[in-house]
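Heads up: the structure comes next, in structure tokens.
The values are calculated or read from the model by the stated rules, or taken from the named source; none is laboratory data. Note that the structure is predicted; figures quoted are calculated from it, not measured. For neighbour counting, all protein chains shown are included, and Cβ atoms are generated from backbone atoms with ideal geometry for every residue, glycine included.
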Amino acid sequence: MESFNDIIHGDGLTLVDFFATWCGPCQQMHPVLEQFKADMQDEVRVLKLDIDRNQSLASFYGIQSVPTLMLFRQGELLWRQSGTMPLDELKALVSQHRA
């Protein structure tokens, strides 16, 4: 099984969603991320991390509000934003970072 570090250090783009099950905005982002994942297929890997189950990672990355989205390539943080966003905006932003 791949670790979080293995995944974010991969060659491709990885979008990490730090979320909580009790978070209303996180629930609003869920269908957006599902559609994003379906649309982007092999271009971007999507990883969802529950902050309550992954407290050490949430603390390491200074997650203070959820949802927080982070985009990585080869371990480098390319972009970070807290809050919800529409699908077209997310796709446009991620497309800027594709190689």
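Tabulated data for the structure shown
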quantity	calculated
Conditions (1) without any contact (Cβ under 8 Å) to a residue 60 or more places away in the chain; (2) in contact with a helix residue (DSSP H, G or I) (Cβ under 6 Å, 6 or more places away or on another chain); (3) not small (Gly, Ala, Ser): number failed by Phe72	(1)
Residues that are exposed (fewer than 12 other Cβ atoms within 10 Å of the Cβ) and touching a residue at least 60 places away in the same chain (Cβ under 8 Å), drawn from the stretch 80-99	Arg98
Condition broken by Val32, with the remaining ones in (1) in a helix (DSSP H, G or I); (2) modelled with pLDDT of 95 or more; (3) over 12 Å from Leu69 (Cβ atoms) satisfied	(3)
Selected residue [touching a helix residue (DSSP H, G or I) at 6+ places or on another chain (Cβ under 7 Å) and not acidic (Asp, Glu)] from Arg53, Arg98, Arg80	Arg98
Any hit, the stretch 67-87, residues being among the aromatic types (Phe, Trp, Tyr) and part of a loop (DSSP other than H, G, I, E, B)	no
Breaking point among (1) at pLDDT below 95; (2) touching a strand residue (DSSP E or B) at 6+ places or on another chain (Cβ under 9 Å); (3) closer than 24 Å to Glu89 by Cβ; (4) not small (Gly, Ala, Ser), for Phe4	(3)
Selection status of Asp52, part of a loop (DSSP other than H, G, I, E, B) and loosely packed, with under 15 Cβ neighbours inside 10 Å	yes
Pairs where the first residue, in the stretch 9-31, is farther than 16 Å from Gly75 by Cα and the second is in a strand (DSSP E or B) and of a type in the set (Val, Ile, Thr), C-beta under 9 Å, 6+ apart	Phe18/Thr68; Phe19/Thr68
Selected residue [out of contact with any strand residue (DSSP E or B) (no Cβ under 9 Å at 6 or more places or on another chain), in a helix (DSSP H, G or I) and among the polar types (S, T, N, Q)] from Gln41, Gln27	Gln41
From Leu77, Leu57, residue being surrounded by fewer than 18 Cβ atoms within 10 Å (Cβ to Cβ), of a type in the set (A, V, I, L, M, F, W, C) and free of Cβ contacts under 8 Å to residues at least 24 places away in the same chain	Leu77
